[in-house]
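Single-structure report; data block below.
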Ligand SMILES: [Zn+2]
């Protein structure tokens, strides 16, 4: 059994470790005044930062999801380390030597005072990376060196990226690490070795060029290995399997080198391979990263967002590079379904002649790589252009088919402002009136949930005032449920014109309604838990901490005024509708129907009037 770490040592680790530095490796932190730092919370999905770090007290706290603690808690929560592993990792970075004790307080010496498993796996990886780079200079590694040189990577580049060579032997690394005291379990646990058919432990990577895969703090957590020999039966690329350290859905190759630039520029470039990451960095695009053996997914986005720090103004840009239109088109269409929240921040760059960034740099130099990235196109525009290119816009028939082809794409975009912009841009090119294209989009979206049908036209200003009021009402329901609840609960989701707002409104109801709730973390968690979509969930956390637009405690008048403001357009539209229906009825032949509608209209008009009066309250 492993000994326990002496209390005095734990104390010392707490004192010595700079929490801002530890967290700063995973989350971009900005000065928030008063000695506090702020960033996007790594524990929940959010758009505006509510994650606070107070270096002076060595603590962090998220106002969005309520997590908090010190540097040790941070590592246990985020990296899934045990308490002991977290302390070991922090001690190692602070250069502190830990003393382990028996339960009865006797100091242990020697290997029995083992550090935790994850720490050992990290140490094994560090030793393995050193071993591989050492092998790269051996005569046998000539083919690996040539592979690098052929692609324009010199010795410095290889050193920066830690390139190495796995030798042509069954157990060269295994023997090397066993001699350093690593156990068979540790080597298999780290994915560095595996049992052979005869039961002996053999190296996972052999006769291959290897790249160390590091996490954002620069620790090596796995390897990617490329085939070099024709007679190698394995796949072109071989990666570390899933281990306690290596989760491929979260791994981004190059993040350790790119994270500072990503934070600084608010931009990240996604490429497809190790050599592409190298090529981009060397060509002056130091924000490139690649996924390893898996498609770019939601987990990767979650990790990148912490560095992108895209605030509500949404200026963070994710640029995907593709070698070829076809691949780009397919990926772009897929992104429509998966990354709705990031549609407006997603860009596509397609390399000419189907070359990847590495080949592009080889053939046309660094500037060509930089140009490629500069020429990025918004995802939506890219997808629409590709569709339109399939049709002949010189003929009326071609324009009609093109309109039909892009309408369903636009119908899938949830961000209405964006849809409106594109309708404006493309109507002209297709020789259509904006209203016509808008109708086509609405028609294409008719088989989808109603939220995707564009709202009736209203001026932008009226729209934003409306949305602001809707947002404020939701904040009240989350932050002051006792005050807002009784009024909030009786107004259904209809007036909420933004689909995410509507989703939050519905989640409040699903969580039992605001009237019965008590303000606090439990209420927020309940609403968040009732959300069916991640976007809505993130919005709940955001709204729960966003300041109210008034500088006093909210009261019933404030709540009712805002609710009146958001209901007014709905009721007025109903009044208009009824009036139109009445005009079509002949009162002398359909007297009953006329009277019934007329009575309804009277009631509605009265309701609209009272809403108008209430909405006119000066409360802000
Ligand atoms: Zn949080």
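Here, each number is a calculation from the coordinates, and none is a lab measurement. None of the values given here were measured: they were computed from a predicted structure. As a convention, Cβ positions derive from the backbone with ideal geometry for all residues, glycine included, and neighbour counts pool all protein chains shown.
Values for this structure:
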| quantity | calculated |
| --- | --- |
| Nitroxide proxy distance, nm - points 7 Å out along Cα→Cβ at residue 77 and residue 197 | 5.0 |
| Residue exposure sequence - 419, 369 - by fewest surrounding Cβ within 10 Å | 419, 369 |
| Rounded tilt (10° steps) of 416-429 against the dominant C-alpha axis of the chain | 80 |
| Residue 596/residue 616 FRET efficiency (R0 35 Å; Cβ-Cβ; nearest 0.05) | 0.70 |
| Rounded Å value of the spacing that divides the Cα centres of the stretch 543-620 and the stretch 164-196 | 73 |
| Whole-number percent relative contact order across the stretch 465-615, with pairs defined as alpha carbons under 8 Å at least 6 apart | 27 |
| Radius ratio Rg over Rh of the stretch 465-615, counting only Cα atoms, Kirkwood formula for Rh | 1.09 |
| Overall Cα dimensions of the chain, principal axis frame, Å, largest first | 102, 72, 46 |
| Cα long-axis angle, helix 556-584 against the chain (0 to 90 degrees, to the nearest 10) | 60 |
| Angle between the chain longest axis and helix 499-510 axis [Cα atoms, degrees, rounded to 10] | 90 |
| Fraction of antiparallel bridges per DSSP, the chain only, in percent to nearest 5 | 75 |
| Mean separation of Cα contacts under 8 Å, 6 or more apart, over the residue count of the stretch 18-169: relative contact order % | 12 |
| Size descriptor, Kirkwood hydrodynamic radius, that averages inverse alpha-carbon separations across the stretch 118-246, Å | 14.7 |
| Net length gained if the chain between residue 490 and residue 366 were fully extended (0.36 nm per residue, minus Cα distance) | 38.5 nm |
| Order of 182, 488 - criterion: other Cβ atoms within 10 Å of each residue's Cβ, fewest first | 182, 488 |
| Per-pair calculated FRET efficiency, R0 = 41 Å: residue 150 and residue 21 via Cβ, rounded to 0.05 | 0.55 |
| The stretch 176-272: relative contact order in percent, alpha carbon pairs under 8 Å with at least 6 residues between | 21 |
| Rg and Dmax [Cα atoms of the stretch 351-424; Å; Rg one decimal, Dmax integer] | 16.4, 45 |
| Extended-chain gain in nm, criterion 0.36 nm per residue less alpha-carbon gap, residue 468 and residue 140 | 111.4 nm |
| Ranked list, fewest to most other Cβ atoms within 10 Å of each Cβ, for 170, 523 | 170, 523 |
| CD proxy at 222 nm, helix term only [per DSSP H run n ≥ 4: -39500 (n - 2.57); per residue of the chain; nearest 500] | -16000 deg cm²/dmol |
